[in-house]
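Following: one structure in structure tokens, then a few remarks.
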Amino acid sequence: MFFNRLTKKRDEELMHLVSQGNERAMTELYHRHSRNLLRYFYRMLWKEEALAQDFLQDLFIKIIESAERFDTNKKFSTWIYSIAHNMCKNEYRKRAFRQALRDVTWVEGTEDMTHRRFEEKEFQRALDEALETLEEEDKHLFLLRHETEMPLEEIAQILDCPVGTVKSRLFYIRKKLALKLHSYHPVKE
Amino acid sequence: MKPTEKIEELLSTKSFDSLTPEEQAFVIHELGSPSEYEALRKVGAGLSAKVDSPTPNPRILKNLQHLMQEKKPSAFPVFQLKVPAYVSAMLIIFFSSIAWIAAKTTSTETEPLAVVKTDTIFLTQKADTIYREKVVYRYRYAAMKKYFPEEITTRTSPVAEQPVESGSINMKEQEELEALLVSGSK
């Protein structure tokens, strides 16, 4: 009965309960967001599942420990993805050198891809690789939109920019990726 | 709305076939061909269609629940109050000084309590003054001279002569007298 009531509450109300030490509210929040957040981390962190799981746990620990500081007038998902993004940024800084090496490796790999046709599964693998070559901010934006399926308005709040800018940036990222995956969908002029 | 914004909106909502004729014309004008539009759509859809995404490890939730239990406020919130270090130090000094003052005022000599039971009391101290009643015969010498003239010599002083029957005290009487005096002095 208590769980039913919690499921009807908004994220922000649940966060208020979490700040009061309500374990069930935290569990409900976890069930709502953990899967999407894990996918987000998985994509952002070079598809290293163990690392993504660690980040997911660390993120929720941060949420629990700083629950009192959460402004319930703000949107929870905006807040949580901002934290997630900052965590990824820090990880990128740590691995800047390694990431540079990855980019080089990918460029070499794409040379071969232009001469081959891939099926749907292979297209997705190529898409993953193409995502790895994106700038951190672009990757973050693209994943928020297409991996977590977040509304444009929320993304705009997270990135602190107008919705129109988000749309434009998404379009250019699409074009960039489409260009890299050109061999999979040849454009008829 | 900028063209790029509009195209992005259309890309995320509609396939090329679902577009209105005006929208299709707009897309072709901006992108060149329907296949370009579908290619761009495929990029976003390809990501959403992924099925090999990992699922959260069940241990994470258990760890978080454990953390929440540790953070749960106690029934007595006063015990969870955060006190600054200087306040703690002042409280320690305050209570220490109170304890020190209290210890100083109360006597610290602790004598062992010895319970001695005495069933017999021996008094070694004798009375200072003993009044002894004694009958002195004023005219005893004259009487003795009268009745026993040959017994009286010059060596016996009339004062030293005391009647044995009435004035002298024997040992028994002496003890009784001392006992009497002792009990009287008690």
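The values are calculated or read from the model by the stated rules, or taken from the named source; none is laboratory data. What you see is a predicted model, and the numbers here were worked out from it, not measured in a lab. Positions of Cβ are backbone-derived with ideal geometry, glycine not excepted, and every protein chain shown enters the neighbour counts.
Whether any residue in region A:69-90 is part of a helix (DSSP H, G or I), at the interface with chain B (Cβ under 10 Å from one of its Cβ atoms), buried (at least 20 other Cβ atoms within 10 Å of the Cβ) and in contact with a helix residue (DSSP H, G or I) (Cβ under 9 Å, 6 or more places away or on another chain) is what I want to check.
Scanning region A:69-90 turns up no residue that is part of a helix (DSSP H, G or I), at the interface with chain B (Cβ under 10 Å from one of its Cβ atoms), buried (at least 20 other Cβ atoms within 10 Å of the Cβ) and in contact with a helix residue (DSSP H, G or I) (Cβ under 9 Å, 6 or more places away or on another chain).
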* Of these, A:K47, A:K139, which one is modelled with pLDDT of 85 or more and basic (K, R)? -> A:K139
